[in-house]
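What follows is a short report on a single structure.
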Amino acid sequence: MPKPISLRQRSRSTRPPAGVPSRVAWIRSLVWFLPVLLALPGIADAEMGWLSQDSIDFHGFAEKVQFALWVVVPAIMLVVVVLFWSWLLYRQTARRTRQLQRELSERRRVEMALRESETRFRDVTEAASDWIWEMDENLRFTYLSERFYALTGIAPQYVLGRTRWELAGVDSAADPQKWRRHRELLEKHLSFRDFIYQTQLTSNQKEGRYLKVSGKPIHDGQGRFRGYRGTGTDITEQVKAETALHQSELRLRRIIDLVPHMIFARDSHGHFLLANRATAAAYDMTVGELVNRSHHIVHRVDEEAERMLADDQEVIESWTSKLVAEETFTDHAGQVHTLQTMKIPFTEPGLNEAAVLSVAIDITEQKRAKEEVARMRLYLKNIIDSMPSVLIGVDPWGYITVLNQPAEQAGGVSWEAAQGRFFGEVFPQLEGQFEQVRQAIRHGRPIKTPRMTLEVEGELHYADVMVYPLMADTASGAVIRMDDITARVRIESMMVQTEKMLSVGGLAAGMAHEINNPLGAILQGSQNILRRIGPDMSQNRSVADALGIDLNLLNRYLQERGILRFLEGIREAGTRAAKIVADMLSFSRRSESRFALVDVEDMLETVLRLAASDYDLKKKYDFKRITIERDYDPALRAVYCDKTEIEQVILNLLKNAAQAMAEEGTPSPTITLRTLHEPDYVLIEVVDNGPGMDDKILKRIFEPFFTTKEVGAGTGLGLSVSYFIVTEQHNGRLSATSKPGQGSRFSIRLPRIREALP
Amino acid sequence: MTGWVLIVDDEEMIRENLKAYLEDEGLGVAAFESATHALRWLRDGTACRVCIMDMRLPDMDGNAAIRILHRLYPEMEFLIHTGSSSYSLPEDLRAMGLDDDRVYRKPLGDMAPLAAAVRALAAPREVRP
């Protein structure tokens, strides 16, 4: 609002020009002045009735006054008006003169300024990196300021009279589109800004210059197009710098893309500002697709996204870097990785906004390897703990470093408690091995002490002791391994016996025929003798009568001389020999042809009948006095076996039980026969409530020729034959459990599966 | 009488003892040391109901002898008396009606069961169960 301002300025002016404000005041005072002049003579003009009605009374005088009024007053008034007008004119002229003077000085000043500005402009034009150019209506250069030639080093004759595109042959060939558009624009006589191109007249020229030009069309007074005028700037250095920057960016980009780890930056809202290829690949995207996307959108697992963004937030808020040692990351394929991520806060240049740069390393493999190591360690501990051997790790001075579980049991001490103690103190039975420990470490090879005898709880035990040096780089020492081989030694000795018996069995089989025939002759012969000396048989009597012999007397004689007893002795001895031969034959392996499906209950009942009829007065037991309890598994029917052999085994067990109970005088002798259907075996048990036996006897009962019976009462082969039949011929098991005074239990296990048979 | 009982065994004392026991039982017994001798005696026309056969014979295997005798005298019944512990009846002999009850293993402590078996087999067929 410039107007009020100027008015106010004027009214406030300290020196207002005289007369200017009084022009109005003058006219106003004149209006007031006229009636005063008319009233002064005191004569009321009739024709001036509008002045007063009272003036009618003075008529004669009125004419003179009228005259005076008509002549004098106008003359006076005329003079006044003329005076006033001339004064007014004077005033006007004076003002105008002042005004002209002012304008004149103003113009002079403007002209000065213009001249100054022109000079300045020329100086600037010549000094600046910009230049001025002009084109005629045919778009050919007509003028270029000096600066152009100085900057580009192109001589005027190459430029003047040519079009712009003729100066940029190489560039226009490289990007014809750009040039076509520019040309169209010029042909339409439109103004343009910041058109960038490269001058290069010929391709062999060393290097072109990058120019940026702007221009405006020029029109003459009639509005006709006269050409173009504009400015230009050499931006070669700028372009070079930009190119260098761009290349440097590209290089950096390539570097972060080459890094296999995920490198990315997110702003506080979770948008990706930057991402390398590894990051994009994890989301199955290109870098371009990922950048500016929200993490929420690209990440499949919400809770992971939440957690990661919360970490970002934390880093931004605290403005300190954070190492996320382990975090899960589910990639686009749903595969879960473990990442170790470093998060660093930074301010995004340009945006001036807080952001987080993250570098995430996939440690899935490392983690797996670490877990594998831990698992392996536990596994190895399990292995050494599960080993039945006693393992004692010692340092070169014999102090315990490691114990496995069997060692803890053997020493009655925990690993923790034993650690650091001398091994001979914890395991006195092994104290003598210290020399071997030293030897093993010195020579770097294991030293074995086989079949070392030890006393454990008053019993003789055998142990193999092996001392071997630790070969690890970091630890030196040795491991003492002790295996209790008592059971094995016992089994071995039994196997030796069994082998012996097998060879005896083989021998017996070959000899059986040769022995059985003479035995038959002995036994049958003695039977015939006893029959033919008796007085009962009619044939005997008739022969005796014919010879005149009294058979009764003869019999008495034989009795008196003990001949009958000798005969009975021959018979018994022959029977026993036959039994031994038969037992020995049992040790030979049989063909499978005797195997058949046998009903277990039927078989047991048959054996019970046999046992009942087998009672022996001489052996002082009567099977009928024994209570038989049957505990048969109803699920069990048949078993595939050699019936006569298994019958022999069970009969033998029954007889042994009966005999033992009879000898001990067990009050209410009971034998329990039990069968049980086990997964792999048919179990047949013979349980008695007899005297039982102690461990020492129990361990030896299956040994051949081992007997607790008085000499002549048994061959000592019964149980070993049974053992042989069950284990060797049937691939079964025969075991015995017993405690003194608590009876005995014999368990026969026969394989249920036919394939398991021999 | 019930006819002859034939004993084939190369062991003289076994042969003689069996013969003595069965004769005491009132049976007619002919005993030979080999199958050839037995066959020659049979060829002379003697009727024989029961044969006690040893397995290991000087001239042939007892099983083979039984096969020959069975072919020649289908009515003849056989008992086997062997000293071999591993003897088992061949299938074709089982097919003839022999079973494990007909097998007697040496040494025989008591000849009574064998004698009873001979008597049962020698009895007229219609009486046998």
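The values are calculated or read from the model by the stated rules, or taken from the named source; none is laboratory data. Keep in mind that what you see is a predicted model, and the values were worked out from it rather than measured. Reconstructed Cβ throughout: ideal geometry from the backbone, glycine too, with neighbour counts over all protein chains shown. Note: accessible area is taken over every heavy atom of the protein model, side chains too, but ligands, DNA and RNA are not part of it. Shrake-Rupley method; radii C 1.70, N 1.55, O 1.52, S 1.80 Å.
A few remarks follow.
- Protein-only accessible surface order, largest first, of A:SER117, A:SER214 at 1.4 Å: A:SER117, A:SER214
- The phi torsions of the range B:81-94, fed into the Karplus equation with coefficients 6.51, -1.76 and 1.60 and a -60° offset, translate into couplings of 10, 10, x, 7, 7, 9, 5, 9, 5, x, 4, 5, 6, 4 Hz, rounded to whole numbers, with Gly and Pro shown as x.
- Per-residue SASA entry for A:SER191, accessible area with 1.4 Å probe, Å² rounded to 10: 70 Å²
- Surface share of carbon and sulfur [accessible, 1.4 angstrom probe, percent] for the range A:259-368: 53 percent
- Shielding of peptide B:11-18 by partners, expressed as the average count of other chain Cβ atoms within 10 Å per residue Cβ, is 5.
- Taking a ≥ b ≥ c as the square roots of the eigenvalues of the Cα gyration tensor, chain B is classed as rounded, since a/c falls below 1.5.
- Given charges at beta-carbon only (K, R positive; D, E negative), |dipole| of the protein assembly as shown in Debye: 5600 debye
- What the Cα atoms of the range A:331-479 give is an Rg and a Dmax of 25.9, 91 Å.
- Pairs exceeding 29 Å between alpha-carbon atoms, taken from A:LYS624/A:LYS739; A:LYS188/A:LYS240; A:LYS624/A:LYS699; A:LYS370/A:LYS448: A:LYS188/A:LYS240; A:LYS624/A:LYS699; A:LYS370/A:LYS448.
- Kirkwood's formula applied to the C-alpha pairs of the range B:33-95 gives a hydrodynamic radius of 12.2 angstrom.
- Peptide A:532-542 - average C-beta neighbours from other chains (10 Å radius): 1
- B:VAL103 - accessible surface, heavy atoms, 1.4 Å probe, Å² rounded to 10: 20 Å²
- The sum of -39500 (n - 2.57) across all DSSP H runs of n ≥ 4, divided by the residue count of the protein assembly as shown, sets its helix-only mean residue ellipticity at 222 nm to -15000 deg cm²/dmol.
- Peptide B:80-90 - average C-beta neighbours from other chains (10 Å radius): 4
- Looking at the protein assembly as shown alone, DSSP beta bridges between its own residues are antiparallel in about 80 percent of cases.
- Peptides A:625-634, A:523-532 ranked from most to least packed by the mean count of surrounding Cβ atoms within 10 Å: A:523-532, A:625-634.
- Of the residues A:LEU185, A:HIS269, A:SER358, the one whose Cα sits farthest toward the positive end of the charge dipole of the protein assembly as shown, with +1 on the Cβ of Lys and Arg and -1 on the Cβ of Asp and Glu, is A:LEU185.
- Calculated from backbone phi, Karplus (6.51, -1.76, 1.60) coupling profile of the range A:352-368 in Hz, x at Gly/Pro: 6, 10, 6, 9, 10, 9, 10, 10, 10, 10, 6, 10, 3, 5, 4, 5, 4
- Only protein heavy atoms count here; on that basis, with a 1.4 Å probe, A:MET342 has an accessible area of about 70 Å².
- Interface size B-A, as summed buried accessible area [1.4 Å probe, Å², nearest 100]: 2000 Å²
- Note on exposure: A:ASP680, B:ASP24, B:ASP99 ranked by accessible area (1.4 Å probe, complete protein assembly) read A:ASP680, B:ASP99, B:ASP24, with the most exposed listed first.
- Heavy-atom accessible area order for A:ARG108, A:ARG98, A:ARG565, largest first, 1.4 Å probe: A:ARG565, A:ARG108, A:ARG98
- Electrostatic dipole magnitude of the range A:259-368 [Cβ: Lys, Arg +1; Asp, Glu -1; Cα centre; debye, to 20]: 280 debye
- For the range A:214-267, Kirkwood radius (reciprocal of mean inverse C-alpha pair distance, Å): 15.7 Å
- 3J(HN,Hα) couplings calculated from phi for the range A:169-180 with the Karplus curve 6.51 cos²θ - 1.76 cosθ + 1.60 (θ = phi - 60°) are, in sequence order, x, 5, 5, 5, 6, 6, 9, x, 4, 4, 6, 5 Hz; Gly and Pro show x.
- When the alpha carbon gyration tensor of the protein assembly as shown is reduced to an equivalent ellipsoid, the three semi-axes, largest first, read 152, 37, 34 Å.
- Pairwise centroid distance, computed over Cα atoms, of the range A:671-691 with the range A:367-436, Å: 42 Å
- Cα centroid of the range A:213-289 to Cα centroid of the range B:65-100, whole Å: 114 Å
- Whether the range A:391-467 is rounded, prolate or oblate, judged on the alpha carbon gyration tensor where a/c under 1.5 counts as rounded: oblate
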